[in-house]
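Engineer: Below are the structure tokens for one structure; questions will follow.
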Amino acid sequence: MDGIVFNIMHYALHDGPGIRTVVFLKGCPLACQWCHNPESQGSRPELMITAERCTGCEDCLTVCPTHAAILEGGVPGATDACTACGRCVDACLAGARTIAGRMMTVAEVMSELVRDRVFFEESGGGVTFSGGEPFMQSAFLRSLLEACQDEGISTAVESCGMTDRQDLLGMADKVDLFLYDVKLMDQARHGEATGVGNETILTNLAALATAHAHVIVRFPVIPGVNDDSENVSLMIAMMRRLGLREIDLLPYHRIGTDKYRRLGRPYQLADLQPPSAEAMENIRRTFADAGIEASVGG
Ligand code: SF4
Ligand code: SF4
């Protein structure tokens, strides 16, 4: 069994309890305007280019089998004929070209994860599967969860919730913690901001709550998009109705901005600034006053 992984991050502290290793699986059914991992969205490997590293050697042009590699006015790029084969990456000694996403077997992923076991045991941590949307590669995810279970490694899955309910519930007994993103309660506004409605997301969340899965809701706070009191009130009402008592408030940040440039894509929120600490504290207090354990960050 194999799947496409675009990163494995060790010693993470904000994606579940303790010290964690986060496995990022490629592919996502949403297209959130603020996504800080745009390389996670497509389900296939993608070429990323850091133009300022280019020395103009033209080696990429020589090795590209589809003639997709280009160098226009000294700026490296690729046409739509690029198959993300990676040959130009190997040829580029300057490191101007990288591929986001590589095929890995379950055994290859697990060999990286078990090396961190001592940190998991010392800290009460474990492995978090993130993305993208991990359930987009559900068979791969299931195999990874089973392998972690066999190794006695605690697991968390970060999900946007836009997935098949049977897959979600069918794996719930292999997941110690769901980090479940909720962005907007209004169906139409959710569609505008993410490209899809939220009906499946909210009904799947209700199904997990009914199944008594351990769920921490994650709320990415995006100024002017979802930080209004109406949205916060609706989230509180929904969480109370479902008996969900924990939420992580994730302030918008601009870390992913450069990745859009490297992927050759426009970034819609280029001028948006992160929320102030005071604004985050106000939202945190609103949830806390409603009896919900809220923390800023993961
Ligand atoms: S191989 Fe790398 S450094 Fe050379 S032209 Fe291509 S992108 Fe630039
Ligand atoms: S990844 Fe492959 S197809 Fe794409 S530009 Fe590089 S060599 Fe050409």
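Engineer: Any idea what the relative contact order of the chain is, in percent, if you count C-alpha pairs under 8 Å spaced at least 6 apart?
Structural biologist: Once normalised by length, the contact order is 19 percent.
Engineer: Running a GNM on the chain with Cα contacts under 10 Å, which residue among GLN166, GLN33, GLN149 ends up with the highest mean-square fluctuation?
Structural biologist: GLN166
Engineer: Here's something else I'd like to know. Report, for the chain, the % of DSSP beta bridges that are antiparallel, rounded to 5.
Structural biologist: Around 40 percent antiparallel, to the nearest 5.
Engineer: Show me the ranking of peptides 81-91, 216-226 by mean Cβ neighbours inside 10 Å, starting with the highest.
Structural biologist: Ranking the peptides 81-91, 216-226 by packing returns 216-226, 81-91.
Engineer: Follow-up question, since we're still on this one. If you count only protein heavy atoms with a 1.4 Å probe, what accessible area per residue comes out for the range 1-102, rounded to a whole Å²?
Structural biologist: 49 Å²
Engineer: In addition: Which angle from 0 to 90°, rounded to the nearest 10, does the C-alpha axis of helix 277-289 make with the longest principal axis of the chain?
Structural biologist: Tilt relative to the chain: about 40 degrees.
Engineer: Over the range 46-100, calculate the relative contact order: mean separation of alpha carbon pairs under 8 Å at least 6 apart, over the residue count, as a percent.
Structural biologist: 47 percent
Engineer: Enter the angle in degrees (range 0 to 90, nearest 10) between the Cα long axis of helix 199-210 and the first principal axis of the Cα atoms of the chain, meaning the one along which they spread out most.
Structural biologist: Between helix and principal axis, roughly 50 degrees.
Engineer: Report the full-extension gain for the segment ASP173 to LEU61: residue separation times 0.36 nm, less the Cα-Cα distance, to one decimal in nm.
Structural biologist: 35.3 nm
Engineer: Same structure, new question: Mind putting a number on the dipole of the range 46-100 about its Cα centre? Charges go on the C-beta only, +1 for Lys and Arg and -1 for Asp and Glu, and I need it in Debye to the nearest 20.
Structural biologist: My answer is approximately 100 debye.
Engineer: So with the 1.4 Å probe, I'd like the accessible area per residue for the range 173-297, rounded to whole Å².
Structural biologist: Heavy-atom accessible area per residue stands at 47 Å².
Engineer: Roughly to the nearest percent, how much of the accessible area of the chain is carbon and sulfur, given a 1.4 Å probe?
Structural biologist: Here it works out to 51 percent.
Engineer: How long is the gain from SER233 to GLN166 if the chain were fully straight, where each residue apart is worth 0.36 nm and the alpha carbon distance is subtracted?
Structural biologist: Gain on extension, SER233 to GLN166, equals 21.1 nm.
Engineer: What does the helix-only formula give at 222 nm for the chain: each DSSP H stretch with n ≥ 4 adding -39500 (n - 2.57), the total divided by the residues, and the result rounded to the nearest 500 deg cm²/dmol?
Structural biologist: Taking each H run of at least 4 residues, the total per residue is -9500 deg cm²/dmol.
Engineer: While we're here: Output the 0 to 90 degree angle, nearest 10, between the alpha-carbon long axis of helix 138-151 and the longest principal axis computed from the alpha carbons of the chain.
Structural biologist: Helix 138-151 sits at roughly 70 degrees to that axis.
The values are calculated or read from the model by the stated rules, or taken from the named source; none is laboratory data. Predicted model, so just to flag it, every value in this text is computed and none were measured. Positions of Cβ are backbone-derived with ideal geometry, glycine not excepted, and every protein chain shown enters the neighbour counts. Each accessible area value is taken on the protein alone, full model and side chains, heavy atoms only, with ligands, DNA and RNA left out. Shrake-Rupley method; radii C 1.70, N 1.55, O 1.52, S 1.80 Å.
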